[in-house]
Structure formats: C-alpha cells, structure tokens
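Visitor: Mind looking over this structure? Questions follow.
The values are calculated or read from the model by the stated rules, or taken from the named source; none is laboratory data. What you see is a predicted model; the values in this text were computed from it and never measured. Cβ sites come from the backbone with ideal geometry, for glycine too, and all protein chains shown count toward neighbours. Only protein heavy atoms, including side chains, enter the accessible area calculation; ligands, DNA and RNA are left aside. Shrake-Rupley method; radii C 1.70, N 1.55, O 1.52, S 1.80 Å.
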Amino acid sequence: MSINRREFLRGSASVAALAAMGDIFFNISNVVAKESMSEIPYAPKEDVLIPSTDTMCVNFCGIRVKRVNGVIRAIYGNPENPQNIGHLCPKGISGLFDTYNPYRVKKPLKRTNPKKSPGEDPKWVEISYEEAFDEIVKRLKKIKFENPNKFVWQHGHGKYLIGDQFPKAFCKAFGTTNVVHRTTICEAARHVSDEITWGNHAFLPDLDNCNYFINMGANPMEAEQWARWLDRKIIENKERGMRYIVVEPRLSNAAAKAHEWVPIRPATDVVFLLAMGNELIKNNLIDEKFLATYTNASMLVDNDGKFVKKDGRPLIWDKKTNSGKPYEGDVEPALSGSYNVDGKACRTALEIFKESIKDVTPEYTEGVTGVPADTIKRISKEFGEYAKIGSTVIRDGKFLRYRPVAIHTFRGLSTHEYGVQNNRARQIVMMLVGAFDAVGGMHLHDVYKTPKYMEPSKCEFPPKRVDLQESVYFPHGTHNVAQQVALTLADPKAYGLQYEPEFMMSYATNRPFSTSDIKKQIEGYQKIYSVVMDTIITELADMSDIVLPDKTYLESWHWSDTRWNLESKHMAIRQPIVNAYNLKYDAFDILMELAERLGILDKYIEGINGAWKIKLAQGRKYTSNEVVAEIAKANGTDIEYLKNHGLKAKKLHSEDIYLKGVEAKFKGPGKPKMNFYAENLVLTAEKVKETVQKNGIKNINTSDLDIVYSPLPRREHAFPTPHKEAKGYDLYLITYKRMYFNQSNNAMVPLLREVAHDADENFVAINTETAKKKGIKDGDHVYVESRAGKIKIKAKLTEGIKPDTVAISYHYGHWSHSIPAYAKKGANPNWILELHPDRISGMNSFNDTKVKVYKI
Amino acid sequence: MKFGMVIDTKRCFGCRACVAACKTENIVQPGNHWNFVLEYEQGKYPNVSRIFTPMNCMHCENPPCMKACPEKAISKNEHGVVMIDYDKCKGRKYCIAACPYGVIHFIDRGKAFYPDGQKIPYETLPIEAKHPLHRKKPGITEKCTLCWHRIEKAIKEGKKPGSDYDTSPACIKVCPANARYFGDLDDPDNEVSRLIAKKRAIQLNKEYGTRPQVFYIV
C-alpha cells in the first residue's frame, strides 16, 4: 500500500494517551467562554519535573522536564548539574518540539524508487518491523558469511548510543571493523595534534586563574563542545580582569565579547603562532626549565630529522659532561645549539625550531595573515609577560607552577588541510612558556593515556577499514575518517580496499549534508544498500533503502555521555518522559532484535559486558532500561537515585587538575617527554613513502611528505591547496555554526527558526566595502562559486568580517524530500567546499576554500 | 515587595535562551515575542562591536499601556507587576500604540507552531491544565507577565521570589551568561538593588516618564 506524501506527512497522529484534544478550529466565539481566565480553576492532573540530559547538542546539559497531564510542558535547566548549572541554550529549551515534531519518522519505511539523488522522491512505503528486520537480517546473514567487513556502521554526534559502546560491541560480534564516528567533520585534527604531542586528547583553559586568554577561532558563545562552561567562565573572568583576545576572520559572538578582535586570514593561523614563538624566543620569554624537563625540545636531532640514539634511547647534550647522553640521572640538558655525537652532526630540537622560524617575522606574518606586524609583536610580548615564567602559587598546600596564559581553539585551527600542524603550532607556543597543566594555563586531559599515539604509524596497506583509518592515506587518523567512507564506496579499488562494502547502517548522522564537496558524498552513497535509524528523514535517510524510527532523547533510556570541567565531573542518565508517537523500539532495542535474529546475541552481550564492566546474562535480550540500571550499579550508584536527580557529581581538586598530567607523566630524567618535536611524523613519512613505492599507489603525492608530515609546524602549513591553486577566486570562504541549530538536525523546530531575527535563513556574510566594490547590496541574491561548484544565497553586509573573507553558516539548505519547505530555506555551503583532508588525521577541510561572489 | 529585573548587556552574548524559555513557558504563539533580543553592529572594520539588548515588558511604575486601555483591562498589582486581563481585553490595541518599548503583541488568530497547522500536545492542553495567564485567545493582546504564575506560587509556598530557578521568571536562571537578574527593588540588600546601584544600571527611554522596573547595565 503506498501513501502519498501529504498523507505520510500528516501521519497517524497517535499521540500519548493523556494528551487532550484541544481546540483545532479558530472560531473566536467558540473559544471565548471556554478559555476564561477566572471561571475555571487551575488544576492539572499531573505536574512533575523529571531530571534528564539534553542531547540537542553535545554539551549534554542537565535538564528538568516539566510534564503536565502526560505532556511535555517545558524544559528547564538543572541547577544541580555542575557543567551547565541550570543554564540552557535555545536548542535545549526547544527539545519538546523535536520530540513532538509531526514530521518525525513514525513507522518503518521502505524505499520503492530505486533512484537515489537530491530531488528524487523515495516513494516511501510503510512496512512492518517484521518486514524491515527480515529484509535487513537476510542481507546481513549473507554478508556475514561472505565477509562481515562488507557491513559498515556509521554514527554521528547522535545521542551517543550509550557511549558508542553498543554499536562497537554489535559490530565486533558481527565481525566488522567498519565502525565510523563523525569526528573528522568536527575537530579530529585538534585531537590528533594532542595525541601526537602528549598521548591523549582534550583540554580546558584554567580560566578562573587565567589572565591572558587567546581564542583562535573557537566559538563557545554560538556553539561548541564545553560551551555551557566556557561561556560563563569567559564572561566572569573577563570581569575579574582576564584579558580576552579572539583571533578569527569573522566577528563571531565570542569575538564580540572580547577585549580585542584580531581578524586573520583563514588557514594562516599557524604562521601567526610561529611568529609568536619567534617573538617569545627573541625576547627571551621562554620557560627553559619546562622545555628541558617536560618536553623533548632538548633532544638531539640529526640531519635526517631523526633523534640521535644510543641503545634505542634518544640523547640530549649534557652540559655537565659535554657529551651526548640519554636524559636520565644527573644530567643538565642543553636546550639550544649544534653538537657532534660520535661524528654525527646534530642540533637540539629547539635549535631546529628556532632556525626554521627565524624568517617568520612580524612583517612576514602580516603579509601572510593580514594581522598588522605591531599587533603580532604586542600580543606576543603581552602573552610572554603575562605568562610569569618561573613563578609558582600555593594551592591546597602544594607549590604549583603558575602560568596564567592560555591559547584555546576548536574549529578555527582544526578544520583545515593542515589542521594538525596548525594545532601543533598552538601547542608549541604553550610549551615555550610552560603553560600546560600550570595554574591559569591549559589543563590536559588524562595525559599519556595512549603512548602509542606518540609513535610512528603503521601506515596500513591495503587498508582493512572502509574509512582508511590509520592506513597509508591517513596514518594518524585515529578518530575514524567520516567523509572518506563515501569516497571509498564510490571506488574501493582506488584505495586498495580488498572488498566492496554492501550494506551500510547509520545512526543519527547525516553525512551527505555535513561534509565538504557534497556531490562526491552522494556519489558514494548511491552505490550502497543503506538502512538509517533516526528520528527524522535526513538527507542521508533520503538516499536510503529502509528508515527505522528512533525514539528521541526525551523518550528513551540511556547512560549519558557527560562533559567534565575543572571543578567537577559527573555521571548522568537520560530517561523517558513521553512516547509521543507510541514507538515500539528505539535504536538500542533494534540492535538487540537484530543481534538475536543474526545469531550473535551472546557475543553482543559479551561485548557489552566487557565495555561496561557489567554482568548481563547470556541467552536473552535486554531493554535499555535494564542495561542502564546495571551500568549504574557497576558505577557504584543506584538507578533510583539517578532517576530522581538525573546525575551524580564528583568534585575535583587541585591535585586532579594540576598534578596528574604532565607533572606525573613527563617531568624529569628517566621519564617520557612531550613531543615538542614530533619525530614520529618523520618516521611516518618514511613509511608512507616506502608503502607507496612498494605497492605502486598512484593516488598519494610523495613529493611533499616532508611538509605534510613535518615534525614541526612550518610556514607552508598556512597555504592549503585552494589558496595555492584557485586562481581567479578572490575571496576566502569559511563556514560557521550558529547558536540556533546543531549540525543538520533541528531544522524543523519552529521555535528555533523564529528565536532570532535572522535564524530562519542563512546568508553569505560579506564585508560592506567588499560588497560595495562588487555592486552588492544588503539582501541581494548572489552566487558564491568555488572550483567545486556554486550556490545561490542572500548577501548580508557587515563590518564584522575581514574584507577578503566571506562566511556562510552550514545548518541550512536542506534538500531531503521529506523535510517540509519551511525548514529548507537557505543554501548549504558544503556543496562548494573543496575537500582536501588533512593527511595526518583525515580531518575534513572546511575552511580552506576560495570563492568568488557576484550578483545574480 | 516590588519586583524588577536587571539585564547586563555587557554579559549578554545573544544566545536567545531567554527568548526560547519565555516562549515555551508562556505558550507564546509563532510571530509573537514577549521577550526578544535586539542585535546590532557598531563601528567600521576592524573596530566593530556587536550589541545585544534583550527586551521584555518593563513593568513600568507609570505604565502608558494601562492608561491607554479603554477597557481598563490592564492593571498593576501590589508587587508592581503589570498584567493584561484576557477576559476584559477586547483587542482594541491602544496599549500596543502607547507602549514605547514595543513589547505588547496582538493575537490576531490562533497559530500553530508547525506551519501546516497541526497542533502538538503542548499546544492543546485542556484549559484546567493551563494557568489563567496562559489562557490566551485570538483577538486579544499579550505581553510579559514577569512570570507572575511562578512568583505567585513562590509567595503562596512561603518561598522568596528570585531565590532560585523555579521561584524566578523562566528567563532568569536559564541565562548562560548570568546576565539576567530578578528581585525585590524595595529591598536595598537584594541583588537587583545592589547591581543597579553598583553598576549604575539605567532605564531605557527615560524621557517618556514610564519609570521602568527593568534596568540595564550598559
């Protein structure tokens, strides 16, 4: 039985039982008597507040949901949650619209139009769960028999299906390695840069003690992970006296609250940071003790760029004995200089760095970045002086290093072809002043958790995974390579993949919408049988074969992911408030069903038990309610407590923040050292070259490996491919997030579309002068064109952007057939972004493209 | 107790949480805003600033809307809160014309949140499950009530209005910038009184003589 689109969209509005059928017709006289203020007493049958966790974005704020007569009436912040302390953004507040969205998927759907492309009507047919499961299981059984790797699982920020552990366990039980998260369309380069430098990722600036805070392109006042902590900490500490500088091409809201907005040319931040390093060294504002004691800046490097070693241990130049020795025992490493060890000419890593940046003067940097030379000199000097190198403070009776300066970033340094190197430059500047894990500096999370990240890559070939993670293509792509899946699907042989994936299952992700160079993504996804579990028919679902409805975060049980901060960490749950469309299953239940039908249930349960340290019995399925209760128990807390409070918090102490990181892992002789100099990248480059030559790989450039895998960031990293090649395109294009939408998934929430005067439709933000020169007026429709394509969009003139740069927000321009017109306004810039992924981490390049803008 | 607010525009970064919180708390239909944020840029590149000014009803001491209403549908209660009586209001719109802050809206017809008209359960709660201040109907005007339904409940329960999330208007404690304050202007020790004094908070459009109870740190 087929249904037409109108019928489908209206749907069977089987809403929760207790919801009243109020007035549908707007007849005023009908309504007047019935809606009297005074005559009818206020007496709801139910009025409760239920604590839970929000997932409208990945801050995972604590919420309290008000339910009246079985209906979600409002969503409030939870003041007990130590991360957001009751604060919420408009997305979290609007979550009830997301749950009651009449355009949600309410029944399993099957595609009957085999053509898959934007604009095609999938001609959905409602099917039963049985039919959906039968179809899926039939195909998966065949694949499991032939080669389980042909099954690819993808998920997004999604609702973190209980911490990613469930899809991982399912895929392991099935036998596929192809579990792909979305981090390379988020901030993977930042993570990989951290990992290469200190063996794990994530950091937070110690803002309560910081006096000079440089934010390079992060935007916690419009989006970003940790926004609900960073935003108030920035505001409060600014009032305390912290100097707050924002370096980014656009006057973001984060920049609007800064003392100083430093407009910079997109992708050139690395040179700004190298110039800072140069100035710090020139003015002798460097923490020599930190560099020598905690980092490998004093390690000796030969003319091949590799460490000079003895018995496998890298050597320093000991000033006491005037000889090359490992950094052990009673030695005094020389930080700078050229030496000779056993006839081998070598220099310290710091010496190499100094020499490599000696021409990165403020004047040179002004030419590359557009930032005035005087500004660079001043900020570098201020940063170095505010760092108070050598000083200490006492906290809880302990002497701690005090360096109240921090350089923070998120997308700004990361979403580039040289994203890892840009981030490495930031880390090096921080190391130069010794601000890591110092009071007022940058706290590093779980330092040295995975030492192998600081080692060279295995450069796998042929790749085992469809996303080419940690293969010769993305040797340090340790966070999956989300955008690569589609490219590999389009031509597996081009990447040496020894099999052809046949089935893709996606959960809460919208790859074709969220990735650069969309048409290439679509090409790939046209070729595979695709099942999507989601609450709405996204652009990915629009191209899929079966769509299975999922429950929203207000309808299901989850052990929630949470965000920590420098005062506390917490565990939290999400619990069901309503079941708006009477869904039988959520994604978790569906996985259980499939596992049972595929005969892998016991293996799946085994995997879950291992991941969560719980003891579920074999031989039966579990509901998410049961599993969450078990996880709570395993974490030493009672599910009833969590149902009543939503979370359980633990205070952190100064010891946790300042003494468990670099102090414990890297300090002093005989201990491993932070990678100031990433020698592992030099060895990776060698392996890449060797692997390419040995296998005759045609699609990897080996002429620039010394630049791509440079052990130190260098000027070349400020010139991504489009900057070098796109002649005739005069403007730089950057994309950005807005407060009102999270990625692609809240477009249908009507409240968010009217919450601000310009939330409903996006525009290309263009400098007023630049627009005038092009004859473009505010509100004109223009083309924005790159080498990858062109889009039509409205222009908005502003003084708050660099004249050579334009910016477009990417939450807009939906094209899914099943998304109503009101939610499809605007244009998606991802169509025209050139894709040149970071060859270290696989990070999708979003902010490197060059364009021209002209009136229609 | 005379209730008022302080809004710190130096802290506000324009997230619109207050706008969304007010809308959902007070079931304000699409197109109407009891609470909105004005946003504008000043200066020339690169010396540019962006200013955010959240605005809601000022609960004036001398409310022009109250004076203008021919039906006497607007009153100011003992705690200084200015409210529209939806039963008395006949939609004459004199209040909208009189208000210099543009914070009163007319409900011309009932509008569903979702554009195709389908109302969701949140919009179709039975009348007894809606507080009288949320029993709005087409043909009348509406505006911020300082969440009197929450304040009144606090007073009834013996709690101090403004002391926590639930005893304050919905827009106050939700603000991620901690830019909104609510309290008793008659009490010099209250946070709002102290902020007005210490940060020299001002009233908007003072020249109209409305004497707002909402103050701004600029």
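Visitor: When residues of region B:117-144 are filtered for being more than 7 Å from chain A (Cβ to nearest Cβ), on the phi < 0 side of the Ramachandran plot and either assigned to a loop (DSSP other than H, G, I, E, B) or touching a Ser or Thr at 6+ places or on another chain (Cβ under 6 Å) (or both), how many remain?
Guide: Counting residues in region B:117-144 that are more than 7 Å from chain A (Cβ to nearest Cβ), on the phi < 0 side of the Ramachandran plot and either assigned to a loop (DSSP other than H, G, I, E, B) or touching a Ser or Thr at 6+ places or on another chain (Cβ under 6 Å) (or both) gives 5.
Visitor: Further question on the same structure: Of all residues in region A:758-769 being open to solvent by 40 Å² or more (accessible area, probe 1.4 Å) and either modelled with pLDDT under 95 or more than 9 Å from chain B (Cβ to nearest Cβ) (or both), which is nearest to residue B:46 (Cα to Cα)?
Guide: A:761
Visitor: Would you mind finding the one in A:393, A:360 that is surrounded by 14 or more Cβ atoms within 10 Å (Cβ to Cβ), of a type in the set (Val, Ile, Thr) and not in a loop (DSSP other than H, G, I, E, B)?
Guide: Residue meeting the stated conditions: A:393.
Visitor: Failed condition for residue B:152, given (1) open to solvent by 10 Å² or more (accessible area, probe 1.4 Å); (2) within 8 Å of chain A (Cβ to nearest Cβ); (3) out of contact with any His (no Cβ under 8 Å at 6 or more places or on another chain), with all others met?
Guide: With respect to (1) open to solvent by 10 Å² or more (accessible area, probe 1.4 Å); (2) within 8 Å of chain A (Cβ to nearest Cβ); (3) out of contact with any His (no Cβ under 8 Å at 6 or more places or on another chain), residue B:152 is out only on (2).
Visitor: Same structure, new question: Filter region B:63-107 down to the residues that are within 20 Å of the chain's Cα centre (by Cα), within 13 Å of chain A (Cβ to nearest Cβ) and open to solvent by 60 Å² or more (accessible area, probe 1.4 Å) and list them by number.
Guide: B:75
Visitor: Of all residues in region A:773-796, count the ones that are without any contact (Cβ under 8 Å) to a residue 24 or more places away in the chain and touching a Ser or Thr at 6+ places or on another chain (Cβ under 6 Å).
Guide: Pass one, region A:773-796, residues without any contact (Cβ under 8 Å) to a residue 24 or more places away in the chain: A:773, A:777-779.
Within this subset, residues satisfying the condition of being touching a Ser or Thr at 6+ places or on another chain (Cβ under 6 Å) are none.
The qualifying residues number 0.
Visitor: From the set of residues in region A:396-426 that are buried (at least 24 other Cβ atoms within 10 Å of the Cβ) and of a type in the set (Lys, Arg), which is nearest to residue A:192 (Cα to Cα)?
Guide: A:424
Visitor: Please pick out the residue among A:141, A:123, A:150 that is open to solvent by less than 40 Å² (accessible area, probe 1.4 Å) and of a type in the set (Lys, Arg). Talk me through it step by step, then tell me what you get.
Guide: Values: A:141 fails: open to solvent by less than 40 Å² (accessible area, probe 1.4 Å); A:123 fails: open to solvent by less than 40 Å² (accessible area, probe 1.4 Å).
Within the list A:141, A:123, A:150, the selection yields A:150.
Visitor: Also, I was wondering about something else. Could you please let me know if residue A:105 is farther than 30 Å from residue B:126 by Cα and away from every other protein chain (no Cβ under 14 Å)? Write out each step before concluding.
Guide: Working: farther than 30 Å from residue B:126 by Cα: no; away from every other protein chain (no Cβ under 14 Å): yes.
No.
Visitor: With the requirement that a residue be touching a Ser or Thr at 6+ places or on another chain (Cβ under 7 Å) and more than 7 Å from chain A (Cβ to nearest Cβ), what does region B:1-25 give you?
Guide: B:9
Visitor: Go through region A:165-200 and report how many residues are over 27 Å from residue A:587 (Cβ atoms) and assigned to a loop (DSSP other than H, G, I, E, B). Let's see the steps before the verdict.
Guide: Keep residues of region A:165-200 that are over 27 Å from residue A:587 (Cβ atoms), which gives A:189-190, A:192-200.
Going one step further and asking which of them are assigned to a loop (DSSP other than H, G, I, E, B), we end up with A:199-200.
Selection size over region A:165-200: 2.
Visitor: If you don't mind, another one. So in region B:48-62, with the set limited to residues that are open to solvent by less than 20 Å² (accessible area, probe 1.4 Å) and assigned to a loop (DSSP other than H, G, I, E, B), which one is nearest to the other protein chains (Cβ to nearest Cβ)?
Guide: B:56
Visitor: Of these, A:772, A:777, which one is open to solvent by 10 Å² or more (accessible area, probe 1.4 Å), basic (Lys, Arg) and within 14 Å of chain B (Cβ to nearest Cβ)?
Guide: That would be A:772, the only listed residue that is open to solvent by 10 Å² or more (accessible area, probe 1.4 Å), basic (Lys, Arg) and within 14 Å of chain B (Cβ to nearest Cβ).
Visitor: Hey, could you check region A:811-831 for residues that are within 14 Å of chain B (Cβ to nearest Cβ) and part of a loop (DSSP other than H, G, I, E, B) and say which is farthest from residue A:854 (Cα to Cα)? Walk me through it before giving the result.
Guide: Going through region A:811-831, the residues within 14 Å of chain B (Cβ to nearest Cβ) turn out to be A:818-825.
Subsequent filtering for residues that are part of a loop (DSSP other than H, G, I, E, B) retains A:818-820, A:824-825.
On the way: A:818: 32, A:819: 29, A:820: 29, A:824: 23, A:825: 20 Å.
Across region A:811-831, the extreme among qualifying residues is A:818.
Visitor: Another question about this same structure. Taking strands (runs of 3 or more DSSP E) that fall entirely within region A:221-310, which contain at least 3 residues that are open to solvent by less than 10 Å² (accessible area, probe 1.4 Å)?
Guide: Numbers: elements: A:243-247, A:260-262, A:300-302.
Answer list for region A:221-310: A:243-247.
Visitor: Scan region A:740-780 residue by residue and report those that are more than 22 Å from residue A:832 (Cβ to Cβ) and of a type in the set (A, V, I, L, M, F, W, C).
Guide: Result: A:748, A:749, A:751, A:752, A:755, A:756, A:759.
Visitor: Could you tell me which residue of region B:134-146 is nearest to residue B:35 (Cα to Cα), considering only residues that are touching a helix residue (DSSP H, G or I) at 6+ places or on another chain (Cβ under 7 Å) and open to solvent by less than 10 Å² (accessible area, probe 1.4 Å)?
Guide: Step by step, filter region B:134-146, then rank; the result is B:145.
Visitor: Name, by its number, the condition in (1) surrounded by 21 or more Cβ atoms within 10 Å (Cβ to Cβ); (2) assigned to a strand (DSSP E or B) that does not hold for residue A:785.
Guide: Of (1) surrounded by 21 or more Cβ atoms within 10 Å (Cβ to Cβ); (2) assigned to a strand (DSSP E or B), only one is false for residue A:785: (1).
Visitor: Output the number of the condition that residue A:493 fails; it satisfies all remaining conditions of (1) open to solvent by 10 Å² or more (accessible area, probe 1.4 Å); (2) in contact (Cβ under 8 Å) with a residue 12 or more places away in the chain; (3) out of contact with any Lys or Arg (no Cβ under 7 Å at 6 or more places or on another chain).
Guide: Residue A:493 satisfies all of (1) open to solvent by 10 Å² or more (accessible area, probe 1.4 Å); (2) in contact (Cβ under 8 Å) with a residue 12 or more places away in the chain; (3) out of contact with any Lys or Arg (no Cβ under 7 Å at 6 or more places or on another chain) except (2).
Visitor: Would you mind finding the one in B:191, B:123 that is within 20 Å of the chain's Cα centre (by Cα) and in contact (Cβ under 8 Å) with a residue 12 or more places away in the chain?
Guide: B:191
Visitor: OK, next. Are there any pairs with C-beta distances below 7 angstrom linking a residue in region A:797-810 that is facing chain B (nearest Cβ under 8 Å) to a residue that is among the small types (Gly, Ala, Ser), with the two at least 6 apart or on different chains, and if so which?
Guide: A:798/A:765; A:799/B:43; A:801/A:765; A:801/A:807; A:802/A:370
Visitor: Something else now. Among the residues of region A:56-102, which ones are open to solvent by 10 Å² or more (accessible area, probe 1.4 Å), in a strand (DSSP E or B) and more than 7 Å from chain B (Cβ to nearest Cβ)?
Guide: Correct list: A:64, A:66, A:67.
Visitor: In addition: Hey, among the residues in region A:562-591 that are open to solvent by 40 Å² or more (accessible area, probe 1.4 Å) and either in contact with a Gly (Cβ under 7 Å, 6 or more places away or on another chain) or among the charged types (D, E, K, R) (or both), which one's farthest from residue A:231 (Cα to Cα)?
Guide: Per the criteria, the residue is A:584.
Visitor: Restricting to region A:418-460, name every residue that is over 16 Å from residue A:477 (Cβ atoms) and assigned to a loop (DSSP other than H, G, I, E, B).
Guide: Across region A:418-460, the qualifying residues are A:433, A:434, A:435, A:437, A:438, A:440, A:441, A:445, A:446, A:447, A:448, A:449.
Visitor: Further question on the same structure: Quick one: what pairs do we get from region B:28-39, first residue charged (D, E, K, R), second crowded, with 22+ Cβ neighbours inside 10 Å, C-beta under 7 Å, 6+ apart or different chains?
Guide: B:39/B:14; B:39/B:52
Visitor: Looking only at region B:31-47, filter to residues that are hydrophobic (A, V, I, L, M, F, W, C) and open to solvent by 20 Å² or more (accessible area, probe 1.4 Å); which one of those is nearest to residue A:797 (Cα to Cα)? Can you show your working first?
Guide: First, the residues of region B:31-47 that are hydrophobic (A, V, I, L, M, F, W, C): B:34, B:36-38.
Those left that are additionally open to solvent by 20 Å² or more (accessible area, probe 1.4 Å): B:36, B:38.
Working: B:36: 22, B:38: 17 Å.
Among them, the one singled out is B:38.
Visitor: Test residue A:747 against the stated conditions and say whether it is more than 28 Å from the chain's Cα centre (by Cα) and either assigned to a helix (DSSP H, G or I) or closer than 19 Å to residue A:830 by Cβ (or both). Break it down stepwise before answering.
Guide: Numbers: more than 28 Å from the chain's Cα centre (by Cα): no; either assigned to a helix (DSSP H, G or I) or closer than 19 Å to residue A:830 by Cβ (or both): yes.
Against the criterion (more than 28 Å from the chain's Cα centre (by Cα) and either assigned to a helix (DSSP H, G or I) or closer than 19 Å to residue A:830 by Cβ (or both)), residue A:747 does not qualify.
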